[in-house]
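Inspection log for the structure reproduced underneath, given as structure tokens.
The values are calculated or read from the model by the stated rules, or taken from the named source; none is laboratory data. What you are looking at is a predicted structure, and each value in this text was computed from that prediction instead of being measured. Cβ placement follows ideal geometry from the backbone for every residue including glycine, while neighbour counts extend to all protein chains displayed. Note: areas computed on protein heavy atoms with side chains; ligands, DNA, RNA excluded. Shrake-Rupley method; radii C 1.70, N 1.55, O 1.52, S 1.80 Å.
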Amino acid sequence: MRQVDQNTQNLDEVLFEFIPNGNYVKVVAVDPVTNTEIILVGDRRSGKQMLQKAAVQKLEYVIAKGRKLS
């Protein structure tokens, strides 16, 4: 489990969907606790782990930003 500070969300579970299309992959990541969903597009050659890491970082950012606006 990761260290959590005030600016990050502890994501115990993230659901991923990878949709390949030509030279890129569309990645959908969902936090089932907050029902927050993000979508990103990455290079198909980047690899699954790198795309997952980028998706988790974006998801944490979106959740933290939503908390600040509330």
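Place a +1 charge on the Cβ of each Lys and Arg in the chain and a -1 charge on the Cβ of each Asp and Glu, then give the dipole magnitude about the Cα centre in debye, rounded to the nearest 20.
Charge dipole, the chain, about its Cα centre: 280 debye, nearest 20.
Take the solvent-accessible surface of the protein heavy atoms, probe 1.4 Å, and return the percent of it on the chain that carbon and sulfur atoms account for.
After summing per-atom areas, the C and S share lands at 49 percent.
Can you tell me the accessible area per residue over the chain, all protein chains present, probe 1.4 angstrom, in square angstrom?
Result: 75 Å² of accessible area for each residue.
For residue 14, tell me the accessible area in Å² from a 1.4 Å probe, rounded to the nearest 10.
30 Å²
Can you check what the net charge comes to around residue 51, using other residues whose Cβ is under 13 Å from the Cβ of residue 51 (Lys, Arg +1; Asp, Glu -1)?
So the surrounding residues net to +4.
Please give the net charge around residue 40, taking every other residue with its beta carbon less than 10 angstrom from that of residue 40, where Lys and Arg add +1 and Asp and Glu add -1.
It works out to a net charge of +2.
Cross-link partners among lysines for residue 65, C-alpha distance below 23 Å, same-chain residues fewer than 8 apart left out?
Cα-Cα hits under 23 Å: 26, 53.
Compute the length gained on full extension between residue 41 and residue 21: take 0.36 nm times their separation in residues and subtract their Cα-Cα distance, giving the result in nm to one decimal.
6.2 nm
For helix 48-69, what angle does its Cα long axis make with the longest principal axis of the chain, in degrees from 0 to 90 and rounded to 10?
30 degrees
Students often forget the sequence filter, so: which lysines lie under 22 Å Cα-Cα from residue 68 once same-chain residues fewer than 8 apart are removed?
Hits, sequence-local ones excluded: 58.
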